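Read the structure below first, then the notes.
The values are calculated or read from the model by the stated rules, or taken from the named source; none is laboratory data. Because the structure is predicted, anything quoted here is derived from the model rather than measured. With ideal geometry, Cβ positions are generated from the backbone for all residues, glycine too; neighbour counts draw on all protein chains shown. For the accessible areas, the whole protein counts, side chains as well, though only heavy atoms, and no ligand, DNA or RNA atoms are used. Shrake-Rupley method; radii C 1.70, N 1.55, O 1.52, S 1.80 Å.
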Amino acid sequence: NHQIFKCCSLKGSVMNNNNTIKYADGNVTGIKKDIEKLYEAVPQLVNVFKIKEKIGEGTFSSVYLATAQLQTGYEEKMALKHLIPTSHPLRIAAELQCLTVAGGQDNVMGVKYCFRKNDHVVIVMPYLEHESFLDILNSLSFEEVREYMFNLFKALRRIHHFGIVHRDVKPSNFLYNRQLKEYALVDFGLAQGTPDTKIELLKTAHSEDKQGSCLQNNPTIALGNGVSVSVTAAKQIAQQSASKAADKRSSSLSKIQIKQGRGGKEDSVHHSVQRSVFGERNFNVYSSTYQENSSTKLIKQSKMIDVSSRKLVTKKKIISTKTVSNGAARKAASGCPSNLTCDCFATERVCSVCLSRCQQVAPRAGTPGFRAPEVLTKCPTQTTAIDMWSAGIVFLSLLSGRYPFYKASDDLTALAQIMTVRGSRETIQAAKTFGKSVLCTQVVPAQNLRTLCEKLRGTNSSCKRSQGEVPSESVNDSALPVAVDKQCAPETLGKQIQHLKSFQEGDGILEMKATDMKGWDQVPDEAYDLLDKLLDLNPATRITAKEALLHPFFKDMRL
């Protein structure tokens, strides 16, 4: 019942660190107990590794720092990733296959060994010390940011070549050693395969994930301050007699739960955040959604977000965004009638008709704030383009000096937040290209990315625009959001608009002295052109990793 697998060795590879944890001295005893339990669960580790401490904890795993005694007498640091026993064996095998096939080069993590005892699995990887993204964000020079993004695209090009969709690209999954200039893309626990993937086990895992039952319809939530956003999949839209009713259902203040898909991962969370641009709370403030141990900074997430207790506000001016399927919908299950009309539109309740509707099945795994529009709107066809969107959000944080940039408690709020930067008209047009219809009762203009980032960072680039370039629409001050450091109800478009006044007064702006610019006063137009292509709302035209490496922004960098 216990095995050891020898996997490909990775020269200069790195550990898989989900969420770096910090714990007080009083919790050391708890950590020691966890280490003892790991030794008991996988006894083969005792004679090979000396586990020093727990250095990370994610939704489905814990990461430990250990030393291995080599035959040469030299001790080598290793990172041990212990997967929780409830992880599906197929998912574990698929993750290992991604590491062994695509890992080991081009900034993609590899693996050395894998131990198993019954249902406990430990993946062993070489360890590399790395910096916290938040700690170094505002000390990075512009050139370091350019190198960071270049190496991220190299890693994405590598995995996309093998037909791997990472699904959880974010700073904590792209480790960075600033001194050694080493990088590594880690954590393939959520990875999925493209139709032509070269990872055989991802094909099987994908088919498993697609299996599902008739669940509740997607939620429509009144977010407070008179703003509501709704997303629904109208299963009977092909039937003309039912399409009108489906539109009504999608606008109703319905749905009480947001559940993860079968193969989905709980929303990850970052642990140290100073200034968030969007979001209802600072990451350092935990809500009832998260379980906090008072003696430690570990965060374990619930498997379901229950929003039924949230107060719905519907009497004020409503901005309603709704998404329905444009194409011919699948046949509804027997429990999902198509000839009934919803009667809970614009009310603070959910009628039985809406509760009986089937949910559109689509992958939504990933981290809040990094999910692409096609993921948020439950587009069933998701490609490697979702990784490029996430990379664009990382780039947006680097250029603006704000992390996390987006933070929403649900997909609907996240979609509304994206609209405030990329524009409502643009979102509506792009949604049509992947079979969705998005309706918004208020026109939200797109913002100029350069102006937005410079205002948030507190810089004013002196770099001249390219000859003949027509500046995009200037930042619409009425839509510019600012940081929110207090715990409060979910933010809305309306509230984010109101935040402008405090922003204009200097609240939350990071001012930089001329001597500390580090190239931030000379950011070229190519940087924002690349950012615009990464945040293309249409996944079909969004720039690929291979194309990004050839972008003029990296013109003097070697592939």
**Study point:** Long-range neighbours under 9 Å by Cβ, at least six apart or interchain, first residue within 12 Å of residue 126 (Cα to Cα) and touching a residue at least 60 places away in the same chain (Cβ under 8 Å) within segment 59-75, second basic (Lys, Arg) and surrounded by 21 or more Cβ atoms within 10 Å (Cβ to Cβ)
**Key:** 65/54
**Study point:** Index of the failed condition, residue 124 passing every other in (1) closer than 18 Å to residue 370 by Cα; (2) crowded, with 22+ Cβ neighbours inside 10 Å
**Key:** (1)
Check your understanding: residue 59 fails exactly one of the following numbered conditions: (1) in contact with a Leu (Cβ under 7 Å, 6 or more places away or on another chain); (2) at pLDDT below 90; (3) open to solvent by 20 Å² or more (accessible area, probe 1.4 Å). What is the number of that condition?
Key -> (1)
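Residue-by-condition table, conditions (1) at pLDDT below 95; (2) surrounded by fewer than 17 Cβ atoms within 10 Å (Cβ to Cβ); (3) among the hydrophobic types (A, V, I, L, M, F, W, C):
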site	(1), (2), (3)
8	yes, yes, yes
17	yes, no, no
21	yes, no, yes
39	no, yes, no
42	no, no, yes
53	yes, yes, no
66	no, no, yes
Check your understanding: Inside segment 408-443, can you point out the residues that are outside any helix (DSSP H, G or I), closer than 20 Å to residue 532 by Cα and either open to solvent by less than 10 Å² (accessible area, probe 1.4 Å) or touching a His at 6+ places or on another chain (Cβ under 6 Å) (or both)?
Key -> 423
Practice item. Considering each of 365, 414 in turn, give the residue that is of a type outside the set (Phe, Trp, Tyr) and more than 16 Å from residue 440 (Cα to Cα). Key: 365
Practice item. Examine segment 40-49 for a residue that is over 30 Å from residue 197 (Cα atoms), out of contact with any Pro (no Cβ under 6 Å at 6 or more places or on another chain) and in a strand (DSSP E or B), and state whether such a residue exists. Key: yes
Revision key, fill the gap. Condition set part of a loop (DSSP other than H, G, I, E, B) and either open to solvent by 20 Å² or more (accessible area, probe 1.4 Å) or among the basic types (Lys, Arg) (or both), scope segment 76-106, selection nearest to residue 66 (Cα to Cα): answer is 84
Point to revise | Residue that is farthest from the chain's Cα centre (by Cα) [pool: residues in segment 542-559 that are in contact (Cβ under 8 Å) with a residue 40 or more places away in the chain and closer than 24 Å to residue 447 by Cα] | key: 553
Practice item. Could you tell me whether any residue of segment 153-166 is touching a strand residue (DSSP E or B) at 6+ places or on another chain (Cβ under 7 Å), at pLDDT 95 or above and open to solvent by 20 Å² or more (accessible area, probe 1.4 Å)? Key: yes
Study note, to complete from the structure: Checked segment 347-379 for anything charged (D, E, K, R) and either part of a helix (DSSP H, G or I) or surrounded by 23 or more Cβ atoms within 10 Å (Cβ to Cβ) (or both); matches are 357, 371, 374
